[in-house]
Amino acid sequence: MISMALCKLTIETRLSAQGCSVDQIRDANITTSIAANMQDGGNHVVGVVKLSVNGMEEQFIIDPWNDGAIITPSEIKKFYGENRSRFADENANFEKNDRLTDVINDSLYLNAVATSMREIHRIDIDNTNWRAQQLAR
């Protein structure tokens, strides 16, 4: 849950740093969630990012057990069929948990995660200097 909250916060902060307005970011309707595959296709959990780009709804699956692979729902069968994952196969069927999705995207939860990152780890997500990070590479 924390990883997907951080993902949402990071995407919004990055879009802001790229010059997107608050309205544009809000209109992107970014939501993050957790989806589980507990059926015959394996026992596996992934992160899901959903957003609107130019009026088109896009969805991406982030698989932390496969080196953070980012795939689309239409690629699931091929990706897990060829990947030889111990956790999922071509029969994987990831289903989102609506309760967790609501919590992850709740502003109180997101603020608590951002505050914890700032106070415990000294990472200020709201004021990340993307330009300095790019120059340091």
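No lab work stands behind these numbers, since they all come straight from the coordinates. The structure presented is a predicted model; accordingly, all values stated were derived computationally and were not measured. Using ideal geometry, Cβ is built from the backbone for each residue, glycine included, and neighbour counts are taken over all protein chains shown.
Remarks
- Taking the chain as a Gaussian network of alpha-carbon nodes connected by springs under 10 Å, the highest mean-square fluctuation of the residues Thr101, Thr72, Thr32 belongs to Thr72.
- Taken over the chain, the ratio of Cα radius of gyration to 2.2 N^0.38 Å equals 1.14.
- Proximal lysines to Lys77, defined as alpha-carbon separation beneath 20 angstrom and excluding residues fewer than eight positions away on the same chain: Lys50, Lys96
- Candidates Asn43, Asn54, Asn91: whichever shows maximal mean-square fluctuation once the chain is modelled as a Gaussian network with Cα springs under 10 Å: Asn54
- Ellipticity at 222 nm from helices only: DSSP H runs of n ≥ 4 in the chain, each -39500 (n - 2.57), divided by the residue count, give -12500 deg cm²/dmol.
- Candidates Ile71, Ile120, Ile25, ranked by Gaussian network fluctuation over the chain, Cα under 10 Å, top entry: Ile120
- In terms of surrounding Cβ atoms within a 10 Å radius of their Cβ, Lys96, Lys8 rank from fewest to most as Lys96, Lys8.
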